[in-house]
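One structure is given here, and the rest of the page talks about it.
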Amino acid sequence: MQLANDTTAFIVDLISLRDKPALDAMFGRIFQSKKTTVIGFGFDADRAQFNKFVPNMKFLMHIENFIDAQPLYKYIFADWQQQGGSSLAAVCERLFKQKLCKGEQMSNWENRRLRHSQEHYAALDAWILPQVMEQLHACASYNGKEPARADRMFSQLRRTIKGGNKQTEE
């Protein structure tokens with residue numbers, strides 16, 4: 001699992017640490033905090049992988065403040081299908097005019113120790129998401145989306161995940 005803010009990225013080997021209740025409890029406190037915003041990208045697929053490989057970890061069952069950047073990108077850029085799709089790599093290329101290296105995406109993540117290139121890929125994958133959200137917010141008004149409407153869209157996409165189910169905030 002990767003965690004990041006705008007300056008630092010952390011990689012946590014949940015497969016090796018999957019039977020550590022203290023780690024699950026610590027992440028539960030972080031993810032359930034109203035002060036924490038969890039940004040995902042196509043997060044439902046990630047959650048399916050978590051459930052498969054770390055079924056004892058329950059911290060993802062409740063995320064207080066969650067937003068998935070992919071639907072927001074699709075809302076702001078209605079032409080996303082004609083412009084390379086909505087993968088994180090396509091989004092980064094469009095927003096930042098730079099390619100996001102995805103060479104390690106399909107590598108074997110179950111082997112330990114991870115290669116440096118895998119660690120770099122994982123850290124970058126997490127670190128880029130706050131930058132993507134910032135850029136999407138800035139792009140909203142440039143693409144004919146009124147800032148107030150874009151802010152409402154951000155609020156509508158923000159949701160709470162409880163018991164593994166998504167719930168939109170009221």
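The values are calculated or read from the model by the stated rules, or taken from the named source; none is laboratory data. None of these values were measured; they are calculated from a predicted model. Heads up, the Cβs are rebuilt from the backbone with ideal geometry, glycines too, and the neighbour counts pull from every protein chain shown. Each accessible area value is taken on the protein alone, full model and side chains, heavy atoms only, with ligands, DNA and RNA left out. Shrake-Rupley method; radii C 1.70, N 1.55, O 1.52, S 1.80 Å.
Which shape class, rounded, prolate or oblate, goes with the stretch 27-111 when its Cα gyration tensor gives a ≥ b ≥ c as root eigenvalues, a/c under 1.5 marks rounded, and past that a/b bigger than b/c marks prolate?
Note, shape of the stretch 27-111 comes out oblate.
Which peptide among 59-67, 83-91, 2-10 comes first, and what is the full order, when sorted by highest mean count of other Cβ atoms within 10 Å?
The densest-packed peptide leads the list: 59-67, 83-91, 2-10.
Could you grab the relative contact order for the stretch 25-83? Cα pairs under 8 Å, six or more apart, rounded to a whole percent.
With pairs under 8 Å counted, the relative contact order is 46 percent.
What is the packing order of peptides 109-117, 24-32, taking the mean over residues of other C-beta atoms within 10 Å and listing the highest first? Walk me through the numbers on the way to the answer.
Numbers: 109-117: 11.1, 24-32: 15.3.
Top of the packing list down: 24-32, 109-117.
Within the accessible area of the stretch 80-136, what % is carbon and sulfur when the probe is 1.4 Å and the other protein chains stay in place?
Carbon with sulfur: 50 percent of the solvent-accessible area.
Order the peptides 68-81, 42-55 from the highest to the lowest mean number of other Cβ atoms within 10 Å of their residues.
On the way: 68-81: 17.9, 42-55: 13.0.
Ranking the peptides 68-81, 42-55 by packing returns 68-81, 42-55.
Using a Förster distance of 45 Å, how high is the FRET efficiency between Ala25 and Glu93, based on the Cβ-Cβ distance and rounded to 0.05?
My answer for the efficiency is 0.70.
Can you tell me the length gained on complete extension of the stretch Glu134 to Ser107, counting 0.36 nm per residue apart and subtracting the Cα distance?
This chain segment gains 6.8 nm when fully extended.
Can you grab the distance from the C-alpha centre of the stretch 1-60 to the C-alpha centre of the stretch 97-140, Å, no decimals?
Going from one Cα centre to the other spans 16 Å.
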